[in-house]
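Taking it in order: structure first as structure tokens, then the write-up.
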Amino acid sequence: MYDFIDYLNNENALECIGCTICLYALLFPITDSLLMICLSKYRRYNKIRQYNIISNILKSFVLAFIAWCFISIIINNIEDIGDNQSITNIRVYALNLTALYCTTDIVALIVNYEGLQFSTQKHHVVVAFVYIYSVYIADFNNHGIYMAMIMYGAFSSIAFLVNTYLGARFLLPAWAAIQLKRLALISYVLACSLNWIFQICYCSYLLYIGNNYISVSILSIMICIWVYDDCKLIDHLMHAKIKKNE
């Protein structure tokens, strides 16, 4: 039987991203049909809102899984981080997790483009670029901007409750949506704080060891795009009102 862990250890990048996109895209009509049958509240929304709900709920499950894998990598491999074989295994594992993260953004761009804000569209496009760069250009044997890119996604996955809230708020009673929003805000602020501290420290380290200034500048631009989107979302979680009909 094909084990999902074997899938994460698959060294064929194109096979991995291709299969992931196809399988994830299939979940949209399946989830849509189930929600149409089970929830009358869901049926009241237009197709753009429905696919926005599905996109966020599905992504929250994917991010929760990535967060679990990210923490497991740190716990299980921290003592072997200097071993070449360990680095090779982590590279494959990390790239396939990046493919999984990237898939949620690529499919969202395809099926729910009209329902995404422009800043979110840019965010998703940059994520796709990060995956291409990590697979075909990055040298995992040396420190480089690929690490900062992958770690940004890893830290972001810890705040999976944000996507849970963004999708489920339209289906939950107001009191439950308010409580979920509070939990999402706490997790997001914590994840972003740790993430931004890491990015500042790691970019400084890259410059200190003489890493290419152009590559670090490109990384800084991409991070600014992500941070802008993060800040908009934090502002939304802090100030947005929950409507009674949500």
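The values are calculated or read from the model by the stated rules, or taken from the named source; none is laboratory data. All of these numbers come straight from a predicted model, not from anything done at the bench. Note that we place each Cβ from the backbone using ideal geometry, even for glycine, and neighbour counts take in every protein chain shown.
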Handout entry: Options 175, 226: the member that is among the hydrophobic types (A, V, I, L, M, F, W, C), assigned to a helix (DSSP H, G or I) and surrounded by fewer than 16 Cβ atoms within 10 Å (Cβ to Cβ)
Key = 175
Problem - Filter result for residue 188 (of a type in the set (Ser, Thr, Tyr), buried (at least 20 other Cβ atoms within 10 Å of the Cβ), at pLDDT 90 or above and farther than 21 Å from residue 69 by Cα) - result: no
Practice task
Look through segment 159-199, keep the residues that are of a type in the set (Val, Ile, Thr) and under 20 Å from the mean Cα position of the chain (by Cα), and return whichever of them is farthest from residue 44 (Cα to Cα).
Solution key: 197
Completion exercise
Within segment 129-145, the residues that are within 18 Å of residue 213 (Cα to Cα), assigned to a helix (DSSP H, G or I) and free of Cβ contacts under 8 Å to residues at least 24 places away in the same chain are 133
Handout entry: Conditions (1) in a helix (DSSP H, G or I); (2) out of contact with any Asp or Glu (no Cβ under 8 Å at 6 or more places or on another chain); (3) not aliphatic (A, V, I, L, M); number of the one not met by residue 192
Key = (2)
Exercise for the section: Name the residue, out of 57, 106, 110, that is closer than 22 Å to residue 221 by Cα, part of a helix (DSSP H, G or I) and at pLDDT 75 or above. Expected result: 106
Handout entry: From 204, 220, residue being assigned to a helix (DSSP H, G or I), without any contact (Cβ under 8 Å) to a residue 12 or more places away in the chain and among the hydroxyl-bearing types (Ser, Thr, Tyr)
Key = 204
Handout entry: Set 197, 209: member being modelled with pLDDT of 90 or more, on the phi < 0 side of the Ramachandran plot and β-branched (Val, Ile, Thr)
Key = 197
